[in-house]
Each structure stands twice: as C-alpha cells, then as structure tokens.
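One structure below.
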Amino acid sequence: MAESVGHLAALLHSGGRAGHVWGELLRFHDSRARSSGPGSQHARAVLASAAHAAELGASPALAIRKELASWPVSADSAVRVARECWERVALAVRSSELSGCPLASLLSRLALDLEQSADAEAARQSALAGPRASVALLSWLPFLGGGLGLLLGVDPVDVLLGSPLGVPVLVLGLLFWVLGRFWSRRLVAGAEGIR
C-alpha cells in the first residue's frame, strides 16, 4: 500500500494532473498485482472508482469512501489494514481538496507513515513468534510427558485412574491445562493488540 501511495505522490510531484494520475496508478497496480486475492480485487475497485471520479472532475476521496462502504465486513486483519489505509488516503485527498494544500506532499508523508507502520507490524509479528511457539509447546507438553511415560514403561493412565488420588489429580491437571491455554492465548492476544 505504501508503494502505491508513494507512486501516486511521485506522479503528482512530476506534474501529473489529477485525472491522469489515478488512471496511471490503476495501471501500475494492475502491472504489480500478480495474485487475484480479495485484497488485490478490493484495491483495484477502489483505484478504478477514484480514477473514474477524477476523470469526470469529481472527488476521488468521495469515490474511495463510497467504494469502501461496499466492502464486506471482514475479520481478516489484512482487509482491515487495507481499509484503514484507503480511508487515510481518502482523508488526505479530501483535506487537499478542501484546504488547497499540495496533495503530493500529503501523500509523500502518508506513504512514509504507511511504510513505517508496516515495518512496525512486521517487527511485532516477529517478536510474537517466540511466545506463540511457547504457547503451542507448553499446551501439548503434559500429553507428550504422558506419552514419554508410556514409552519408558510407566503407565500414567493406570496411576491416574487406578489410585485414590489419581482422578482428582487428573481433573485438577486438566483444569490447570485449560486455564493455562486460556491465559497464554490471552497474553499473546493482548500483545497483538486483539482483545
């Protein structure tokens, strides 16, 4: 997304007129979009709406907002991020239209901010890889321990089900296992910013 916004800013800095640059950005997007995923199709629809509005002399910002309103509600974080980025582009374009400030400068700063946001998100995902792996490992460790006990000749099932304290220990262990999974997932989700 930052690349597309930066490309639009470069086209405007080079003196391109508004009606032309949106169409050029659409062609740039089509040449770069190798996949036909939903995000790419949504972005293409937004750019086509903005290009069409700009050619007619209407506001590309209003066309972007109208197109975004037709997007389906999605729990997919990539679609959510794309929607937020396009809303920010529409806000920058509309601010330029209403105030007369140079759109190229606004979009250059927005492209830089989008790039920094993407870098920060990548760093956060990288930092969360270790805790996610720990949650997965610790979740299955009790069962792996029971399997290892069986391989070593100890019968954990007989110990847990055949002794007077075995069943309460098993129930308590399963309760702690469920609580541990819930707590660990909540910690990781909190670090991801999902509540």
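The values are calculated or read from the model by the stated rules, or taken from the named source; none is laboratory data. Just so it is clear, the model here is predicted, and its values are computed rather than measured. Here the Cβ positions follow ideal geometry from the backbone for every residue, glycine too, while neighbour counts run over all protein chains shown.
Odds and ends about this structure:
- Here residue 163 fulfils each of the conditions (1) within 30 Å of residue 91 (Cα to Cα); (2) of a type in the set (Ser, Thr, Tyr); (3) over 22 Å from the mean Cα position of the chain (by Cα) apart from (1).
- Filter result for residue 89 (of a type outside the set (Phe, Trp, Tyr) and touching a residue at least 60 places away in the same chain (Cβ under 8 Å)): yes
- Count of the stretch 151-167 residues, restricted to those that are in a helix (DSSP H, G or I), surrounded by 11 or more Cβ atoms within 10 Å (Cβ to Cβ) and out of contact with any helix residue (DSSP H, G or I) (no Cβ under 7 Å at 6 or more places or on another chain), is 1.
- Residue 137 being outside the structural domain of residue 81 (by TED's automatic domain parsing), surrounded by fewer than 11 Cβ atoms within 10 Å (Cβ to Cβ) and either in contact (Cβ under 8 Å) with a residue 12 or more places away in the chain or under 27 Å from the mean Cα position of the chain (by Cα) (or both): yes
- Of all residues in the stretch 179-195 being surrounded by 11 or more Cβ atoms within 10 Å (Cβ to Cβ) and either among the small types (Gly, Ala, Ser) or modelled with pLDDT of 90 or more (or both), the one that is farthest from residue 81 (Cα to Cα): 180
- Of all residues making up the stretch 57-105, the number that are among the small types (Gly, Ala, Ser), in a loop (DSSP other than H, G, I, E, B) and touching a helix residue (DSSP H, G or I) at 6+ places or on another chain (Cβ under 9 Å): 5
- Scanning the stretch 117-134 for residues that are within 23 Å of residue 185 (Cα to Cα), of a type outside the set (Asp, Glu) and surrounded by 11 or more Cβ atoms within 10 Å (Cβ to Cβ) yields 124, 125, 128, 131, 132, 134.
- Whenever a residue of the stretch 93-112 is among the charged types (D, E, K, R), its partners that are part of a helix (DSSP H, G or I), lying with C-beta atoms within less than 7 angstrom and at least six residues away or across chains, give the pairs 94/61; 97/61.
- Filter pass, residue 146 being under 23 Å from residue 134 (Cα atoms) and surrounded by 12 or more Cβ atoms within 10 Å (Cβ to Cβ): yes
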